[in-house]
1. Give just the number: which of (1) modelled with pLDDT of 85 or more; (2) open to solvent by less than 80 Å² (accessible area, probe 1.4 Å) does Asp74 not satisfy?
2. Go through (1) at pLDDT below 75; (2) open to solvent by 80 Å² or more (accessible area, probe 1.4 Å); (3) part of a loop (DSSP other than H, G, I, E, B) one by one and return the number of the condition Ile30 breaks.
3. Before we move on, is Gly23 of a type outside the set (A, V, I, L, M, F, W, C), surrounded by 12 or more Cβ atoms within 10 Å (Cβ to Cβ) and modelled with pLDDT of 85 or more?
4. Among the residues of region 87-130, which ones are part of a loop (DSSP other than H, G, I, E, B), exposed (fewer than 10 other Cβ atoms within 10 Å of the Cβ) and either among the aliphatic types (A, V, I, L, M) or at pLDDT below 75 (or both)?
Amino acid sequence: GRNDMSKFRNSKLTLLLSNALSGNSRTSMIGTLSPASSNFEESHNTLKFASTVKTIKVQAKAAKALDKDALVRDLKNEILELRKQLEQAKEKHDDEALKEIADHLEASHAIVAAQTRDWVDFEEENAELS
């Protein structure tokens, strides 16, 4: 659910990877810093993020079968809710909330698209790469 996601940085990549980051794996984070004074703020934010990441504790849990239909149904419901939130943020002219909700909406759409692909799509994509 949403609370599982709160411990991760709010970005498309971490939303897409959240299941892998929460699972039975050893995860490492590498942060890069710049000695240039013009990059101080970005380097400082990277260090703060790294400090937060090192406190995340992942607990192993038994693997369970993925019910793709239920996942897609839940994501479609989430997309509808995000669209409502997006409209509310537009009415309030809340640019920060607009960007956050739009990013979450885009990532949810990407997950739905990935989960609704069938084996034929993967074979066709593989044939194109060969």
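1. In the conditions (1) modelled with pLDDT of 85 or more; (2) open to solvent by less than 80 Å² (accessible area, probe 1.4 Å), Asp74 misses (2) alone.
2. (1)
3. Values: of a type outside the set (A, V, I, L, M, F, W, C): yes; surrounded by 12 or more Cβ atoms within 10 Å (Cβ to Cβ): yes; modelled with pLDDT of 85 or more: no.
It is false that Gly23 is of a type outside the set (A, V, I, L, M, F, W, C), surrounded by 12 or more Cβ atoms within 10 Å (Cβ to Cβ) and modelled with pLDDT of 85 or more.
4. Our first condition is that a residue be part of a loop (DSSP other than H, G, I, E, B); within region 87-130, this holds for 93-94, 117-118, 130.
Subset that is exposed (fewer than 10 other Cβ atoms within 10 Å of the Cβ): 93, 118, 130.
Asp118, Ser130 - these are the residues of region 87-130 that are part of a loop (DSSP other than H, G, I, E, B), exposed (fewer than 10 other Cβ atoms within 10 Å of the Cβ) and either among the aliphatic types (A, V, I, L, M) or at pLDDT below 75 (or both).
The values are calculated or read from the model by the stated rules, or taken from the named source; none is laboratory data. A quick note: this is a predicted structure, and the numbers were derived from the prediction, not measured. Don't worry about glycine lacking a Cβ; one is built from the backbone with ideal geometry, like all the others, and counts go over all protein chains shown. SASA here: full protein model, heavy atoms, side chains in, ligands and nucleic acids out. Shrake-Rupley method; radii C 1.70, N 1.55, O 1.52, S 1.80 Å.
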